[in-house]
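Okay, structure first, notes after.
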Amino acid sequence: MWLKTSKFAAVFLLSIFVGCGVTNVDPGNVGVEVNRCSGGGVSNEVLSIGYQFTGPCTDIYEYPTSMQTVSWGGDEALHVNSNEGMTFECSVSLNYEINPKAAPALYSKFRKGLEDIEQGYMKNLVKELLRREFQRYSADKLVAEKQSDIRAAVEKGLREEMEKDGINIRNFIISNAKAPAAVVDA
């Protein structure tokens with residue numbers, strides 16, 4: 001009888017451990033625990049660095065808390081128009097940090113990793129804010145005097161929107177706003 005009970009206990013414990021795992025949250029990151037089973041969801045608890053034990057149907061997603069930089073230039077440059085419809089090719093970059101306490105809410109909202117958030121939400125927001133600011137001015141004003149005003153307005157807009165999601169903007173840079181050849185020649 002004792003042998004049958006111990007075999008049953010061994011099989012039971014083995015089945016529990018097969019469904020469980022260990023994940024390491026790397027230094028400079030925080031983890032978000034997501035339960036994929038029915039009744040599960042995103043845990044509001046932020047996981048710190050180190051080894052984390054996970055149950056069956058549980059995944060850990062990591063978000064970096066150190067300074068991050070994302071740039072869009074070259075083939076990924078953003079194209080925006082002046083108020084006369086002249087297209088400018090803008091190379092920009094953005095420095096930001098994620099508030100560690102906001103990581104679960106960030107995952108809950110986007111259900112994506114950081115790179116997907118950068119190339120989707122962040123890029124679209126930057127482009128929309130640039131578009132709004134560029135359309136306020138003529139091409140000659142944009143070339144001659146308004147780029148620092150535009151940079152400041154876009155950075156302010158980014159702070160207002162992204163800090164709601166726990167993404168703290170450190171700075172926004174327009175490294176190049178290439179004007180159409182017709183404007184440069186004039």
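What number of residues within the range 138-186 satisfy the criterion of being assigned to a helix (DSSP H, G or I) and either of a type in the set (A, V, I, L, M, F, W, C) or closer than 30 Å to THR65 by Cβ (or both)?
So in the range 138-186, the residues assigned to a helix (DSSP H, G or I) come out as 139-144, 147-165, 181-185.
Add one more test, that the residue is either of a type in the set (A, V, I, L, M, F, W, C) or closer than 30 Å to THR65 by Cβ (or both), and what stays is 139, 142-144, 150-165, 181-184.
Here the count works out to 24.
For (1) more than 30 Å from ARG36 (Cβ to Cβ); (2) basic (Lys, Arg), each residue gets a yes or a no:
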position: ASP75; (1), (2): yes, no
position: PHE88; (1), (2): yes, no
position: ASN95; (1), (2): yes, no
position: MET122; (1), (2): no, no
position: LYS127; (1), (2): yes, yes
position: ALA179; (1), (2): yes, no
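So PRO27 fits all but one of (1) closer than 30 Å to ALA153 by Cα; (2) part of a loop (DSSP other than H, G, I, E, B); (3) open to solvent by 70 Å² or more (accessible area, probe 1.4 Å); what number is the exception?
That leaves (1) as the condition not met.
Can you name the condition, by its number, that ALA179 falls short on among (1) buried (at least 17 other Cβ atoms within 10 Å of the Cβ); (2) touching a Phe, Trp or Tyr at 6+ places or on another chain (Cβ under 8 Å); (3) modelled with pLDDT of 95 or more?
ALA179 satisfies all of (1) buried (at least 17 other Cβ atoms within 10 Å of the Cβ); (2) touching a Phe, Trp or Tyr at 6+ places or on another chain (Cβ under 8 Å); (3) modelled with pLDDT of 95 or more except (3).
Please find, within the range 37-58, the residue that is nearest to PRO104 (Cα to Cα) out of those that are in contact with a Pro (Cβ under 9 Å, 6 or more places away or on another chain) and open to solvent by 90 Å² or more (accessible area, probe 1.4 Å).
Among residues in the range 37-58 that are in contact with a Pro (Cβ under 9 Å, 6 or more places away or on another chain) and open to solvent by 90 Å² or more (accessible area, probe 1.4 Å), the one nearest to PRO104 (Cα to Cα) is ASN44.
Has the range 76-83 got at least one residue that is without any contact (Cβ under 8 Å) to a residue 60 or more places away in the chain and touching a Pro at 6+ places or on another chain (Cβ under 9 Å)?
There is no residue in the range 76-83 that is without any contact (Cβ under 8 Å) to a residue 60 or more places away in the chain and touching a Pro at 6+ places or on another chain (Cβ under 9 Å).
Determine if the range 37-56 includes at least one residue that is modelled with pLDDT under 90, among the β-branched types (Val, Ile, Thr), over 19 Å from the mean Cα position of the chain (by Cα) and part of a strand (DSSP E or B).
Yes; the residues of the range 37-56 include at least one that is modelled with pLDDT under 90, among the β-branched types (Val, Ile, Thr), over 19 Å from the mean Cα position of the chain (by Cα) and part of a strand (DSSP E or B).
Kindly indicate the residue of the range 91-137 that is free of Cβ contacts under 8 Å to residues at least 24 places away in the same chain and outside any helix (DSSP H, G or I) and also least open to solvent (accessible area, probe 1.4 Å) among those meeting that condition.
Taking the candidates together, the pick is LYS112.
The values are calculated or read from the model by the stated rules, or taken from the named source; none is laboratory data. Because the structure is predicted, anything quoted here is derived from the model rather than measured. Here the Cβ is made from the backbone with ideal geometry for all residues, glycine too, and neighbour counts use every protein chain on show. Accessible surface is based on the protein model in full, side chains and every heavy atom, while ligands, DNA and RNA are left aside. Shrake-Rupley method; radii C 1.70, N 1.55, O 1.52, S 1.80 Å.
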